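Student: Sending over a structure as structure tokens; questions will come in a sec.
FYI, it's all coordinate maths here, none of it is from the lab. In this text the structure is predicted, and so the values were computed from the model without any measurement.
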Amino acid sequence: MTDDVDAITPCPVGSTTTPTDMMMPMDDLRTTRSASPSSLRSSLDISRRRASVKALEEGTDGDPERLWMRMLALQQKFGCYNSARMSAALSSGNVSILRPSKACLDLLNEHMATLPESVINWLRPN
């Protein structure tokens, strides 16, 4: 016995409908398409993540050393990063020696978990 679940049914012979007749014009697709809940959620996540990074960088004046110290404090208190370097810096106490470049800090922050509002408030200077 054959399994017909994946069978391909051919179009009937002599069909007058062409593939181009069945396709919608691109203009119709653009006007009927709405944003999916997942795309709205991802844009919200991106804006929340940007707000998190902005709050983290406030008060550092672009100084990588100060940013690194804030990131380590954030990691120690809330565990927002997944970084072996941060874990090593915190466990060994060699925070200055293990500080990565500003580009690496930016990459770490790009992939940081979105912070809750209470954590963002904790980061902001009083």
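Student: Full-extension gain between residue 90 and residue 77, please, as 0.36 nm times their residue separation minus the C-alpha to C-alpha distance.
Tutor: In short, 3.6 nm is gained.
Student: What are the ³J(HN,Hα) values, in whole Hz, obtained from phi via the Karplus relation 6.51 cos²θ - 1.76 cosθ + 1.60 with θ = phi - 60°, for each residue of segment 51-58 in sequence order, with x given for Gly and Pro?
Tutor: Those phi angles translate into 5, 5, 5, 4, 5, 5, 7, 4 Hz.
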